[in-house]
Amino acid sequence: MRRKIVLAVLILVTFLLQTTVFQFLSIASVAPNLLLILTASFGLMRGKKEGLWVGFFCGLAIDLFYGNLFGFYALLYMYMGYISGFFYKVFYDEDIKVPMVLIAASDLFYSLLVYVLQFLLRVRLDFPAYLRQIILPEMVYTMVLSLIVYRLLFKINQKLTEYEMEGQQSPWLRR
């Protein structure tokens, strides 16, 4: 139960930071995708199921407040979390390279899907400009920020896991 509450608070805080503070800290009109960092990180640290649910609720928050088509971002983030969960087996505690590459790949895949499903279908065919002005700067900004955010999320996940392990070892909870 504690994990669910902490994840709900993390999603809310990350959403608020992404939509307020980091809009003012945007570089060349590009802001980092904190919700994608959260989704990919928990998919990597906890597996497909948790990545899927974290992604769904992150996307749902965007859909509720900013989406034109309800469920579009929930579905995209859900896929990103689920796909990140496949890398759960190669997760190492202290290695930052795997999460950074995964977050960068997730951001690239996410941005490409948004372009194809929202712009290409409306016959906006200036992909090189979109790649140069939106996709690559957002990916770099998200990767740089993931160095800090991932370590924080890792510590939070570690504390939650320790708390869950203590609860399982309690003699009152044994069957």
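Only the coordinates and a few stated rules stand behind these numbers; no lab work does. The model shown is predicted, which means the values in this text are computed figures rather than measured ones. Every residue, glycine among them, receives a Cβ derived from its backbone with ideal geometry; neighbour counts consider all protein chains shown.
When residues of region 69-111 are filtered for being under 20 Å from ASN157 (Cβ atoms), more than 15 Å from the chain's Cα centre (by Cα) and not charged (D, E, K, R), how many remain? Counting residues in region 69-111 that are under 20 Å from ASN157 (Cβ atoms), more than 15 Å from the chain's Cα centre (by Cα) and not charged (D, E, K, R) gives 4. Here ASP93 qualifies as among the charged types (D, E, K, R) and within 20 Å of LEU7 (Cα to Cα). In the set (1) more than 15 Å from PRO32 (Cα to Cα); (2) surrounded by fewer than 12 Cβ atoms within 10 Å (Cβ to Cβ), the condition left unmet by LEU75 is number (2). Here's a check for you: in region 1-56, which residue that is aliphatic (A, V, I, L, M) and not in a helix (DSSP H, G or I) is farthest from TYR130 (Cα to Cα)? Only one residue fits best here, namely MET1. If the condition is being out of contact with any Leu (no Cβ under 7 Å at 6 or more places or on another chain) and in contact (Cβ under 8 Å) with a residue 40 or more places away in the chain, then region 12-28 contributes LEU12, THR19, ILE27, ALA28. When ASN68 is tested against (1) polar (S, T, N, Q); (2) surrounded by fewer than 20 Cβ atoms within 10 Å (Cβ to Cβ); (3) assigned to a helix (DSSP H, G or I), only condition (3) is not met.
Return the pairs, sorted by first residue and then second, in which the second residue is of a type in the set (Gly, Ala, Ser) and surrounded by 12 or more Cβ atoms within 10 Å (Cβ to Cβ), the first residue lies in region 142-160 and is closer than 14 Å to ALA40 by Cβ, the beta carbons are less than 7 Å apart, and the residues are 6+ apart or on different chains. Partner pairs satisfying both residue conditions: MET143/ALA104; TYR150/SER41; LEU153/SER41. Counting the residues of region 20-51 that are under 10 Å from the mean Cα position of the chain (by Cα) and surrounded by fewer than 24 Cβ atoms within 10 Å (Cβ to Cβ) gives 1.
In this structure, GLY55 does not satisfy being touching an Asp or Glu at 6+ places or on another chain (Cβ under 9 Å), buried (at least 22 other Cβ atoms within 10 Å of the Cβ) and under 19 Å from ILE156 (Cβ atoms).
Output the residues belonging to region 70-108 that are without any contact (Cβ under 8 Å) to a residue 12 or more places away in the chain, hydrophobic (A, V, I, L, M, F, W, C) and in contact with a helix residue (DSSP H, G or I) (Cβ under 8 Å, 6 or more places away or on another chain). Scanning region 70-108 gives PHE70, VAL90.
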